[in-house]
1. Please report the relative contact order for region 140-288, taking Cα pairs under 8 Å with a sequence separation of at least 6, and give it as a percent rounded to a whole number.
2. Which residue, chosen from 6, 178, 99, occupies the Cα position most advanced towards the positive end of the dipole of the chain, where the dipole is computed from +1 (Lys, Arg) and -1 (Asp, Glu) charges on Cβ about the Cα centre?
3. What percentages, rounded to whole numbers, describe P(r) for the chain computed over all alpha carbon pairs with 5 Å bin width beginning at zero?
4. For region 1-110, I need the span (max minus min coordinate) of the C-alpha atoms along each principal axis, in Å, sorted largest to smallest.
5. Here are some pairs, 26/258; 34/103; 155/217; 22/170; 98/152; which of them have Cα atoms lying more than 19 Å apart in this structure?
6. Please report the spacing between the Cα centers of region 211-290 and region 23-53 in Å, no decimals.
7. Compute the semi-axes of the equivalent ellipsoid of region 30-81, taking the square root of 5 times each eigenvalue of the Cα gyration tensor, and list them largest first in whole Å.
8. What's the ranking of 54-62, 159-167 by average number of surrounding C-beta atoms within 10 Å, highest first?
Amino acid sequence: MKIKKAIIPAAGLGTRFLPITKAVPKPMLPVVDKPNIQYIAEELKRTGIDEIIIVVSPESEVIMRHFSAAPELENRLLSDGKKALYDIEKATCAFNVKFAVQKEPNGLAGAILCAEEYIGDEPFALLLGDEMIYAAPEEQSCMERLVDIFDKTGKSVIATMEVFGDDVSKYGNLGIESETDGIMTVNAIVEKPAINEALSNNAIIGRYVLAGGIMSKLKTLKPKGNEIYLTDVLDELAKKGELLASTFEGRRYDVGDKLGFIKANVEYALRNEEIGKDFKAYIKEISKTL
Ligand code: UTP
């Protein structure tokens, strides 16, 4: 295992989710009973990556509080005999999380650069803070697959899924040179292309493993407007044959989007031990009225 660290950029404005994101950071929106960012930390734990750097906005101290110990609450839960709830609370502070603050929301690459002091030029995993991927216990998680491919090839690898119609223009788009067993060699990348300019139906989604040296490359990029673009570095790698993409098992949810967020809640509510059975009965009942 060569990947020891992961960055979760979570400092965006979350404008698609206004008005709630005015005061509540998007990563704290709950999927059933946990903030969505905790599921991403759990995905990393499952992969064996235990050093997590979360990039937050200056107003997001609530995210830091979520991952910190709460001694008063813990003592109260113990003295009230609520051991199960105590264990739930303890699980939130069991992650090895560090925080980097992004002062201005100047884009994804800007967020990644904020974590430079923790990463240097090491390879790292990158997980966008507003995408959740449900993988069943018997499936290989998306991150496990990417790390596996990186271990075998030493090349940067990004997760991809097929998209069609208008959706093609919503994502970074991949030019594919060749494909074997769901692993593709990428030869070009275009950012959110018009449908007639797309290179394929393969979209970039928010899971990456990036080889060593990416931070240095990001620093040399010329800004376009106020932003520098990760895509520019990825395109450079693609042109040199150093970028792979991979399909993955499980279902991906864009929890930064209202519909995606509700769908994620349905997926996890149906699987929830406490409410899953009753929720399923409710879904069946309400679907008769649709
Ligand atoms: P989005 O493109 O979804 O942007 O960012 P956003 O600001 O969060 O949301 P909208 O579009 O305004 O509704 C993708 C991921 O990159 C992070 C976001 O937090 C999200 O997890 N991000 C984006 C940063 O950390 N910093 C940025 O400057 C921009």
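Every number here is computed from the coordinates shown, using simple stated rules; none is lab data. Small disclaimer: the values here were computed from a predicted structure and weren't measured. Don't worry about glycine lacking a Cβ; one is built from the backbone with ideal geometry, like all the others, and counts go over all protein chains shown.
1. Relative contact order comes out at 27 percent.
2. The Cα lying farthest towards the positive end belongs to 99.
3. 1, 5, 11, 15, 18, 17, 14, 8, 5, 3, 2, 0, 0
4. 47, 41, 22
5. Cα-Cα > 19 Å for 34/103; 22/170; 98/152; rest within.
6. When both Cα centres are located, 13 Å separates them.
7. So the three semi-axes of region 30-81 are 23, 16, 12 Å.
8. 54-62, 159-167
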